Amino acid sequence: MGGQVLKRRDTNMDYSLSKKSLSVSETVFEGCLEQPIDLDFSLPDYCPDIQRILKCQAYPKIFTKNVSGDRLDVDGAAVVRILYVDAVKKSVRCSEHVMPFTSSFNLKTTPQNAVVLANAKPEYLNCRALSPRRLDIHGAFTVCAKVVSKAERENVCAIDGDDVQMMKASFPVTTVTGSGQQLFTVSEDIELGSGKPPVESILRTDAKAYLTECKAITNKMMIKGDLNLKVLYLADLDTGAVEVLDYTIPINQIIDADGVDENASCDTVLEVMTYDVRVRNDLSESDTILSLEAKLCATVTSYGEDEAQLVTDAYSTVYDLDLTFGQVQLPRLMTIINDTYVNKSTVESSSSGITKMLDLWNEQCTVKALEENGRMVLTGKFNVCILALDSEDAPFYTERAVDFTYPLSLDGEIKNLIAAPRAQVVSISYRLGDGSQLDLRTEIQLSVPVFEHKSTRAVTAASANEEHLRQKDDSVALTLYYAGDGEKIWDIARDYCICCDAVKAENDLAEDTVAQGRMLLIPNI
């Protein structure tokens, strides 16, 4: 807490203000940029000709996020992946093209100790075959970035001056005690083992990170989680047989986060920035080995409880006081919900039926918080990608969207509450029903920080004109005043230019209001 003396001008006397700083999380920048995709794409020599395109999709990945002055640069690459049926063996094949990108954002300010959250998502992609080996591809993806910085917000907690009477109020608030963001690498050599056929070529890969536990210690955060790798690969060139490898790597990492302590409430985000999967044959073993190298990012924000003391009103017993008011924000973390939600649904895969499922996965999952009938609920949507054989044993691909709803268990009213939910699909299992029906069981990991955002009117500055004294009759020692029901002592004392405590002491009052109309003695002090 410190004092700040403002400059005098003319006959105005500016009072010294005592202020208290509260650490808050401030969004310095939030915005998105669209990146175009325009490719005249030819298959490499080792890929067979295209008979039919199954799926053409862009998968943008972010490598680095760098803030330099008032500029943010997000670097990455978009992998354009084409799944198709080859013209000779009629089996599933894959070809990829990597397109590097840089998205630059003007922040309009220079943030200190900034934490950058960024993601990239595909918008649309049109793929047209010009020949069995040449494709015309046009589309776009969006890079979104959010820059958050720890800021000090000062609030007036006292006006210094013997003549000043203040009305104060205390409010519980949540402050940001610390934050940290750290990149780390996970590497693993994965042996397929005798139960799996060797890899002829990789058709699809997916790597996702899931947080399972986090523990705060002084200036550090210990996190545990899982890195799940899923690989769809071609096992036999002649028959077109495919195999799926599902492999999980445990994660144990210590993250530096200045300001974190054991009593903090922490919000932790664990994400895969980029990864690479390569096939290699160990000369000493007959089994095929997949080498994985993944770059992960952990972002930690810790919160602590504090109290904001504000001056909500004031007057002087000597001068006419000129007050400046402003709206003070009072953020408060109510809870951080971490849960795994199980969604059960049924989708129609195709009109021709399924004889064999080759692979099933998820690529997108979105969620938002809404108020419905006095409750807060999460509503979201995820896609289900299906690669299978139809009734004629021909490969086909289709997508289905599934909606889900998750009610939040919150105590009390949900007024002024803001939730910032995150969701990702952990796993999808299925049961093949009659014909083309799929019964799905989807596990969705949810993380939901819930904040209460209130604001109140408070004094931000005070001054007085020294030439304008308040009118006061010094010849009268005591004044009789009849107070009405519910009248405030504060208003009465202001009118008579004395302090509230003097009125309460003279009339043996303990409360700040007059419950029932009565006569009051107003001393001339």
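Please treat every number below as a calculation from the coordinates, not as lab data. In this text, all values refer to a predicted model and were calculated from it rather than measured experimentally. Every residue, glycine as well, gets a Cβ built from its backbone with ideal geometry; the counts of neighbours run over all protein chains shown.
Brief remarks on what is shown
- Shown here is the pair-distance distribution of the range 71-209: with all Cα-Cα distances grouped in 10 Å bins from zero up to the longest one, the shares run 7, 21, 22, 19, 13, 8, 5, 3, 2, 0 percent.
- Once backbone amide H atoms are built at 1.01 Å from N, residue 364 has 383 as its partners under 5 Å, excluding neighbours fewer than 5 places away on the same chain.
- Segments 101-111, 305-315 sorted - mean Cβ within 10 Å per residue, highest first: 305-315, 101-111
- Viscosity 0.890 mPa s, temperature 25 °C, Stokes-Einstein D of the chain from Kirkwood C-alpha radius, µm²/s: 87
- When only the Cβ of Lys, Arg, Asp and Glu is charged (+1, +1, -1, -1), the dipole of the range 1-134 relative to its Cα centre reaches about 300 debye.
- Relative to its Kirkwood radius, the Cα radius of gyration of the range 51-119 gives an Rg/Rh of 1.27.
- Debye log10 I(q)/I(0) for the range 432-486, one point scatterer per Cα, at q = 0.12, 0.16, 0.19 Å⁻¹: -0.80, -0.97, -1.04
- At most 15 other Cβ within 10 Å, DSSP loop - GluC sites (Glu not before Pro), the range 449-525: 511
- Model label sites at residue 71 and residue 222, defined 7 Å from Cα along the beta-carbon direction, differ in position by 4.2 nm.
- Expected-Rg normalisation [2.2 N^0.38 Å, Cα atoms] applied to the range 305-354: 2.94
- Structural descriptor for the range 16-137: relative contact order 30 percent, calculated from alpha carbon pairs under 8 angstrom and at least 6 residues apart.
- Mean Cα-pair separation over length for the range 378-518, i.e. relative contact order, pairs under 8 Å, 6 or more apart, %: 15
- The range 1-115: mean projected area of Cα convex hull, nm²: 12.6
- For the range 421-525, the convex hull spanned by the alpha carbon atoms encloses 241 Å³ per residue.
- Measuring spread by the Cα atoms of the range 299-428 yields a radius of gyration and Dmax of 25.5, 96 Å.
- Cβ distances below 4.7 Å define possible disulfide partners, and in the chain the cysteines left without one are 47, 94, 157, 214, 266, 297, 365, 385, 497, 499, 500.
- FRET efficiency for the pair residue 454 and residue 263, taken as 1/(1 + (r/R0)^6) with r the Cβ-Cβ distance and R0 = 22 Å, rounds to 0.40.
- Across the range 452-459, rounded Karplus estimates of 3J(HN,Hα) from the backbone phi angles (6.51 cos²θ - 1.76 cosθ + 1.60, θ = phi - 60°) give 9, 10, 10, 9, 9, 7, 9, 6 Hz, Gly and Pro being marked x.
- Diffusion of the range 155-223 by Stokes-Einstein, at 25 °C in a medium of 0.890 mPa s and with Rh set to the Kirkwood radius over alpha-carbon pairs, works out to 123 µm²/s.
- Label zone at residue 183 (point 7 Å along Cα-to-Cβ), backbone N below 19 Å, the range 91-105: 99-105
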